[in-house]
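The values are calculated or read from the model by the stated rules, or taken from the named source; none is laboratory data. Note that the structure is a prediction, hence the values are computed from the model and not measured. Positions of Cβ are backbone-derived with ideal geometry, glycine not excepted, and every protein chain shown enters the neighbour counts. We work out accessible area using only protein heavy atoms, side chains counted, and drop any ligands, DNA or RNA first. Shrake-Rupley method; radii C 1.70, N 1.55, O 1.52, S 1.80 Å.
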Amino acid sequence: MTVQLLANALLIVALLCWIGYRQVTWQPVSITRMWRMPIALGLIGLFTLTRGSIVIHLTTLDLAIFLIEIVISLGVGAAMGAMATFRPLGREAAEAKVSRSARRGGGLIPTLESRTGWIGLVLWIGLIAVRVGLDVYATSLGSQLAASAGMIFIMFAANRAARALVFAYRVDRLAPVAAA
């Protein structure tokens, strides 16, 4: 095992734990901030994929696995966004939860917080299990892309992007209700 592979594995495990924790805890809703993670993960994934020789040797199997994983990731992310529970967040609590740098930057103070709860965590674990299963199956058939760290980052990015899209839609629909 190379140092790069070990570093990628540790980064992915940390990411899994962090996202899992955030599924079960109340988090302030800031749609702008929700887009940071999918964008960063997508860029890291693309950089990781294009840096190696995997992209040069893509097969039909690689592309099929890529599409299957992206569709599953988008579906699970949309489900997580749809099942999220929202509750109002008082100004004092919001200011306590928002970082100092966000307040200095003139960002909006969130008025809602959300979580997907234990069902969201189960969906997250299920997504990882499907990902590992597809990885093992595709690797046994000769796919190089399925086992790459870049693919894992892109899959996470797709999941978080779908979740952010559904959140944005739901928050927009909640705004008129909160104002009434």
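For this structure, a couple of remarks:
- With distances taken between every two different alpha-carbon atoms, the range 113-180 has a Kirkwood hydrodynamic radius of 14.3 Å.
- Protein-only accessible surface at a 1.4 angstrom probe places the residues 135, 62, 172 in the order 172, 135, 62, largest first.
- On a per residue basis, the range 14-93 carries 58 Å² of accessible surface, using protein heavy atoms and a 1.4 Å probe.
- Rolling a 1.4 Å probe across all protein chains gives residue 87 an accessible area of roughly 90 Å².
- Peptides 161-168, 79-86, 32-39 ordered by average Cβ neighbours within 10 Å, highest first: 161-168, 79-86, 32-39
- Gain on full stretching of the segment that runs from residue 46 to residue 118 - 0.36 nm per residue minus C-alpha separation: 22.8 nm
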